[in-house]
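Novice: Once you've had a glance at the structure underneath, I'll fire off some questions.
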């Protein structure tokens, strides 16, 4: 069953985020996801089976002045024990349905250059490679 993430899922959400290489503090994740639940342009969907939550996908609508609004998949992960069983494809299809319901006609996915298996997955799901880019970051004192 695919459904919106609930507060009871935060621990599992964090465990799966770590599998993506993003260890997350459960308190920070819970607060961020709580804020997300209040916004109509963002959601996180989970795939729950009899074994529990096996994956999640983050979805947000990006609205910039220089292009029409688009859907952004902010993260997609399926537990390593459950990969290649169709859960990722079903999560992606559910996200696409959510974007359509919001009137969004294009979805963008970013995937690290080292994630070749993920690239093959998105190719299979009909996503076209758009561009290669370099990402910069800078820590700010706040």
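Novice: For the list (1) within 16 Å of the chain's Cα centre (by Cα); (2) surrounded by 11 or more Cβ atoms within 10 Å (Cβ to Cβ), I need the number of the one condition that residue 26 fails.
Specialist: (1)
Novice: Being assigned to a helix (DSSP H, G or I) and in contact with a strand residue (DSSP E or B) (Cβ under 7 Å, 6 or more places away or on another chain) is the filter here; which residues of the stretch 18-60 pass it?
Specialist: 19, 33, 36, listed by residue number.
Novice: List every residue pair whose Cβ atoms lie under 7 Å apart, where the two residues are 6 or more positions apart in sequence or sit on different chains, the first residue falls within the stretch 115-140 and is at positive phi and in contact (Cβ under 8 Å) with a residue 60 or more places away in the chain, and the second residue, located anywhere, is in a helix (DSSP H, G or I) and exposed (fewer than 10 other Cβ atoms within 10 Å of the Cβ).
Specialist: Listed pairs, sorted by first residue: none to list.
Novice: Now for a separate question. Do we have residue 91 as modelled with pLDDT of 95 or more and in a strand (DSSP E or B) here? Give the derivation first.
Specialist: Details: modelled with pLDDT of 95 or more: yes; in a strand (DSSP E or B): no.
Taking the combined requirement at face value, the residue does not satisfy it.
Novice: Which of the residues that make up the stretch 95-127 are assigned to a helix (DSSP H, G or I) and surrounded by 16 or more Cβ atoms within 10 Å (Cβ to Cβ)? Reasoning before the result, please.
Specialist: Pass one, the stretch 95-127, residues assigned to a helix (DSSP H, G or I): 95-101, 116-124.
Listed by number, the residues that qualify are 95, 96, 98, 99, 118, 119, 121, 122.
The values are calculated or read from the model by the stated rules, or taken from the named source; none is laboratory data. Please read all numbers here as calculations on a predicted model, not as lab measurements. Heads up, the Cβs are rebuilt from the backbone with ideal geometry, glycines too, and the neighbour counts pull from every protein chain shown.
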